[in-house]
Amino acid sequence: MNTTRFMWKSVIAAIILVMVLSGCGEVQSVSAGPDLEELQTITDEQNEQISELNEENDELKEKLVEAEERNKELEEEIASQTSIEELEDKIQEYEGEIDTLVIKNEDLESEKEKLIEEKEKLGSQVSTLEKENETLSKEIQSKESEIEEVKANVQEKSNNDKSETSQDTSDESPSCDIKGSESGIYHVPGSTYYDRTTNVVKYFCSESEAESAGYRAPKR
């Protein structure tokens, strides 16, 4: 009767421990992006902790195998007419070890679940930061466009202020009305930027004359 009870207890304990251990697996890591290096480091540390938990679970499995081997030894002792009382004491000892291993495994599994939850939260933070970075990039581009527009307005105002002086100091004949600007571009009368061009360095009588002097026509 005691032998049967021992065998059933051992089998049940082994089944429970295997079912608990079977839930342990590796967790894939989350990539991160620019400025998210700290979050990636924390995630790597969590993956390392999870790996350690898996190693401890493997050790528990090995101890379970050892317990099963001890049970076989007990059966052999029974066959050799070993004292029933000694066998019962050993059974209680092994059952206590199995209970301790099961509790320890449950604690490890709980800790693993917490690490997985923290990892998921970090993944969410990474995604949020990437969206914020994208939004900031768009805002920066918008501000840069505004700055360029302001610069263009300032340049146009400055050119207008110099217009009258530039025209008075020109030594070229009034009939030579092709404008050569400071930027090395010439503008013929009626062109898009002719009236806007006030930073005139020199007037030319023909386009060929302007090109010979190193000036080029505007791209549009």
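A few remarks follow.
- Using θ = phi - 60° and Karplus 6.51 cos²θ - 1.76 cosθ + 1.60, couplings along segment 97-105 (whole Hz; Gly, Pro as x): 5, 5, 4, 5, 5, 5, 5, 5, 5
- Pairwise FRET efficiency - Asn199 versus Gln141, Cβ, R0 = 35 Å, nearest 0.05: 0.75
- Segment 53-72-segment 93-123 distance, computed between alpha-carbon centres (Å): 15
- Exceedance of the 25 Å cut-off in Cα-Cα distance is limited, within the set Lys63/Lys112; Lys61/Lys121; Lys143/Lys202, to Lys61/Lys121; Lys143/Lys202.
Any read-out appearing in this document is the output of simple, stated calculations on the displayed coordinates, not a laboratory observation. All figures in this text were calculated on a predicted structure; none of them were measured in a lab. Virtual Cβ from ideal backbone geometry, glycine too; neighbours counted across all protein chains shown.
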